[in-house]
Each structure stands twice: as C-alpha cells, then as structure tokens.
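Step one of this worksheet: look at the structure below.
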Amino acid sequence: KVDKSIHTIHVDDGLLVADQAGQERFFQMLKRAGFSFEITTLQDYLGMNIRKVEVDGEPGYFVSQEEYLNKILKKYGYDSGIKPAPSPMREGMKIFPTLEEPQDVTKFRSMLNSASFLRKTRFDILFVLKELAQVQNRPNSFAWNTMHRLFRYLATSRDLGILITNKGGANSNNEFLMAKCDASNNSCPVTHRSTGGALIYFSQCIFTAECKNQTLITDSSCYAEVYEVARTVKLLIAVAKILKELGLYKEGKLIPVYCDNQAALDISIKSNMSKRSRHFELYATFFKQYVGRFIEVVKVDTKENEADILTKALSPATFIAHRDKF
C-alpha cells in the first residue's frame, strides 16, 4: 500500500491516484484555492483510452490510443480498403538517402508527427519511427514505401496497447523490476552508428522503452552491446529513483539486466579488460560498478529477447512473437 496521493496536471487535464481520504484532501485544497473542476472516472487521459480489465482473476488496466489512431488513419486515407501489413517495416529494410528530389516533405512530416504520438502505448513501432525521422527532411521513395507500410500495419493492429496488472508490487520487490536490452552494430547506412534498444519492466509490465542511435561508432557487436548495457543501467537508476519516491521500490535483490551477447556478459564478470576491448573500458567500468550491488547481467537467448524489436527490421513471424510478449 502506498500512503501517498499522486497527481499530475497537464494544461486542463489532471490525474489523481489516492485513497478516499487522499482524494477528499486534494479536492478541498483545490476548492480553497478557488479552482473549479469536474470529477470523472479514469477512461481517457491525454489521448489515451483506459479501461478496467481482469487478468487471471487480478484487476488491471488496458491502455491504448485506438480512438486517436482511428482519427489519423481516416485523415490520411488508411481507414478502409487497405492491404494488411504483418509488420511496420520490411525485413532487413534500410532507408538509404538518394539523389532523387524529396517527395511531399510537408505531408511526410505530418504523417510522421501523427504516428509519433502513438509512442506512449505502441512500443512496437519505435524502431520504424526512428528510421523515418532520420530522413524527414528529404523523404525519398524508400521512405515513402516504409511510411505506407507503417500505416497499413497500424490499420490492421488498432486494438493493441499496454496491459497493466498488479502481478508483483513492492512486496515482491526487485523480482518485478528488470530490464532487457539489445544493440544492432553498424545499423545506420549513413553514419554507421549502432542502434540500441531497452525495455524496463515493473511488475511484469513495460514501464518505459527506449530506441535510439548510439552516440558513437562501435567497431564490434560486443562494443555496441556493452555500450547499450551501460545506457540501460543509467535508465534503470532513474526508474528506480522514481519508483522509490512513490514508495513502490526498495533496495534489496539485484535487478536483472538481460542481454543476448555472451561477450558482454563475460566482460561484466571479469576484473580486467583484454587488449581487444580496452578501447571501450570506460563504458564497461561504468555498469560493472553496479554489478553485484544494484544489478546482475543475465544471458538471454535472442529468441527470448523482445528488445530485439527495437534495433532492427525483423521478419513478420519474429516481430509478432516479440510484440506479443509486451
């Protein structure tokens, strides 16, 4: 149980999480301050549709943006008569810059911005959004083909979202706070930077996800994976602080960080770096200082690492298998 009132305000929308006494105290404070407000049950908030569900006898919430998605699909003509796409990006697809004239930059940016608003609940499209954002100034035929496929995929997966259940909680502690990360070395055809992805889970539900190009050029998959583990640990530290402030986390068991690269795992337990890995010793040393007292690096098979969905364009079967684990 959390003996705190948690409230967020965004312009004229507010969200309050509290027991009955906490709610009354908050409403009295608003009245004394002269604010007028309307109290409604939690159904919609900042474009997200929230509904109560029951999973295995436990109450929970399903959060989606289906109403917003239907609006943008209708706006851009993808609401009906569209050939379905099993994944948002063709397997192995890379968007190369060309010398051809950019095609309808304004519409491309408009569609990209509209789809980007889905990032809050649709972690399955983070990678393709990153790829399209890199060419938004000069969208060519490759970019437009990918954009069309993305909207075709969204049109056939409107009901997807995030399932939030209380499978763990503060009593189960760190067993229900974990991370999975992955990296794709030399994935950008222009800058040759690697793509990194991380998923943070709390109570077996996704708390946050990250997909972005790494800030440096790595010369091996091990280097890229070590860098991504270090970046994931930074993200975990921030998440743990937030949850601790909310009373939902306390220090105890080690938090598992799952990685599918054996070399990165070996580096996490070795005291010294080899000659071939000394050039990225700084990043290895950063996360190794937390091994054994905050985190533990755990090997996971690539087939079981859903963070893979954030680093490359996968085959439809592999993509769906990872997506369904969210």
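The values are calculated or read from the model by the stated rules, or taken from the named source; none is laboratory data. Fair warning: this is a prediction, and the values are worked out from it, not measured in the lab. Neighbour counts run over all protein chains shown; Cβ positions are idealised from the backbone, glycine included. To get the accessible areas, we keep the full protein, side chains included, count just its heavy atoms, and leave off ligands, DNA and RNA. Shrake-Rupley method; radii C 1.70, N 1.55, O 1.52, S 1.80 Å.
Assorted remarks:
- From N186, N166, residue being on the phi > 0 side of the Ramachandran plot and either open to solvent by 20 Å² or more (accessible area, probe 1.4 Å) or touching a Gly at 6+ places or on another chain (Cβ under 8 Å) (or both): N186
- Flag for Q103 being over 27 Å from the mean Cα position of the chain (by Cα), among the polar types (S, T, N, Q) and open to solvent by 40 Å² or more (accessible area, probe 1.4 Å): yes
- None of S187, S220 is under 30 Å from D104 (Cα atoms) and small (G, A, S) except S187.
- Residues of segment 210-239 satisfying the condition of being under 14 Å from the mean Cα position of the chain (by Cα), open to solvent by less than 20 Å² (accessible area, probe 1.4 Å) and within 24 Å of P189 (Cβ to Cβ): C211
- The set of residues from segment 109-121 being closer than 23 Å to S187 by Cα and either touching a residue at least 60 places away in the same chain (Cβ under 8 Å) or of a type in the set (F, W, Y) (or both) is empty.
- Complete set of residues in segment 182-238 that are hydroxyl-bearing (S, T, Y), assigned to a strand (DSSP E or B) and farther than 22 Å from Y290 by Cα: S184, T195
- Some residue of segment 34-57 being acidic (D, E), surrounded by fewer than 12 Cβ atoms within 10 Å (Cβ to Cβ) and under 17 Å from I162 (Cα atoms): yes
- Annotation: of all residues in segment 85-96 being under 14 Å from L160 (Cβ atoms) and of a type outside the set (A, V, I, L, M), the one that is most open to solvent (accessible area, probe 1.4 Å) is P86.
- All of I267, I309 fail the test of being crowded, with 20+ Cβ neighbours inside 10 Å, over 17 Å from A230 (Cβ atoms) and in contact with a helix residue (DSSP H, G or I) (Cβ under 6 Å, 6 or more places away or on another chain), apart from I309.
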